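J.: Pasting in a structure now, in structure tokens, and then I'll have a few things to ask.
Nothing in this text is a laboratory measurement; each read-out follows from the coordinates by a stated rule. Source: prediction; values computed, not measured. No Cβ is skipped: glycine too gets one built from the backbone with ideal geometry, and neighbour counts run over all protein chains shown.
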Amino acid sequence: MTYYLSHREEPEFRENFMWFLRKLMSQFILLYILNPERSFLRNYVLKLDLEACKSARPEFKIPLHADNDLTTSENLNRIRRKLISADSMIVRRIMLKAIAYSYETQHELLPTDFEIEHIMPQKWSATYSSRGYTEEKFEEYVEQTGNLTVLEKKLNRTLSNAPFVRKRDYYRNSKIAMTRALAAESDDWTPESIVVRSNKLAERLIEHWQHWSKEYDRRLAEAH
């Protein structure tokens, strides 16, 4: 809001605002994922408000400490693990929306009432045991990011606890690119499938956000 009110009348507002929001997201969401229980972001936001009043390309002055450095391998691995097993509904929804919009073929806005779809149904069935699952293994993997996608509310209610081979037909009709991509998966959806997809999605997000952050910094350097 501070940025919008300060710069909305400027000729390059739309482009500058887009890159500002991308930088904001790429930095603050990752910091929140690293430190969800802390309120230390509040001071950074207030400082950023002051910078945004001065310039349409404000600097993000975040002092680096061991627990908030987004470039160290240790923190990046922590972020990957938290992206894979996000237990916060706030982080989960933000993360899945970000993944959905990272697909170049996603030309439409997501429906406002989209729901989180569990590809492997949440409810345990004894029939899974014949496919190599145990109930403990099932519970371990069913909430991982690789087992989640976003889906239109109407389609999600239709699918309920249907098996993956049946769900794929509905995924093909989704207007959400990341969900349509699931239709190309093999017939069998296993814990191994979930692990592979979890790692791919976590890496996709991190690379996507890093690109946004570096691109903002490049534009900032050129402006100076």
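J.: Give me the Kirkwood hydrodynamic radius of region 142-192 in Å, from all C-alpha pairs, to one decimal place?
T.: Answer for region 142-192: a Kirkwood hydrodynamic radius of 11.3 Å.
J.: Continuing with this model, one more query. Suppose only helical runs count, i.e. DSSP H with n ≥ 4. What mean residue ellipticity at 222 nm does that imply for the chain under -39500 (n - 2.57) per run, divided by all residues and rounded to the nearest 500 deg cm²/dmol?
T.: Result for the chain, helices only: -18000 deg cm²/dmol.
J.: Follow-up. With 10 angstrom as the radius, rank TYR44, TYR170 by how many other C-beta atoms surround their C-beta, starting from the fewest.
T.: Listed from fewest to most nearby Cβ atoms, that is TYR44, TYR170.
J.: Which entries in the list LYS23/LYS200; LYS23/LYS167; LYS61/LYS153 go over 32 Å, if you measure between the two C-alpha atoms of each?
T.: In this structure, LYS23/LYS167; LYS61/LYS153 exceed 32 Å between Cα atoms.
J.: Could you tell me how far the Cα centroid of region 1-15 sits from the Cα centroid of region 173-189, in Å?
T.: Computed from Cα coordinates, the inter-centre distance equals 38 Å.
J.: Would you order MET18, MET120 from fewest to most other beta-carbon atoms within 10 Å of each residue's own beta-carbon?
T.: Final ranking by Cβ density, sparse to dense: MET18, MET120.
J.: Please arrange TYR171, TYR103, TYR141 by counting, for each residue, the other beta carbons lying within 10 Å of its beta carbon, fewest first.
T.: TYR103, TYR141, TYR171
J.: For a quick check of your reading of the filter: which GluC sites (Glu not before Pro) in region 5-113 sit in a DSSP loop and have no more than 11 other Cβ atoms within 10 Å?
T.: Passing both the DSSP loop test and the Cβ count: GLU9, GLU12, GLU37, GLU104, GLU108.
J.: Considering region 134-224, what Rg and Dmax in Å follow from its alpha-carbon atoms?
T.: That works out to 17.3, 59 Å for Rg and Dmax.
J.: Using only the alpha carbon atoms of the chain, find the Kirkwood hydrodynamic radius as the inverse mean reciprocal pair distance, in angstroms to one decimal.
T.: 19.4
J.: Let me ask something additional. For helix 73-84, what angle does its Cα long axis make with the longest principal axis of the chain, in degrees from 0 to 90 and rounded to 10?
T.: Orientation of helix 73-84: about 50 degrees from the principal axis.
J.: For region 37-121, just the Cα set please: Rg and Dmax, both in angstrom.
T.: Values for region 37-121 (Cα only, Rg and Dmax): 16.7, 50 Å.
J.: Next up: Relative contact order of the chain, please, whole-number percent, based on alpha carbon pairs below 8 angstrom and at least 6 residues apart.
T.: Worked out over the chain, it gives 24 percent.
J.: Give the angle, between 0 and 90 degrees and rounded to the nearest 10, that separates the Cα long axis of helix 89-102 from the longest principal axis of the Cα atoms of the chain.
T.: 80
J.: If amide H atoms are built 1.01 Å from N in the plane of the peptide, which residues on other chains or at least 5 residues away come under 5 Å of the amide H of LEU148?
T.: Result for LEU148 returns ILE119.
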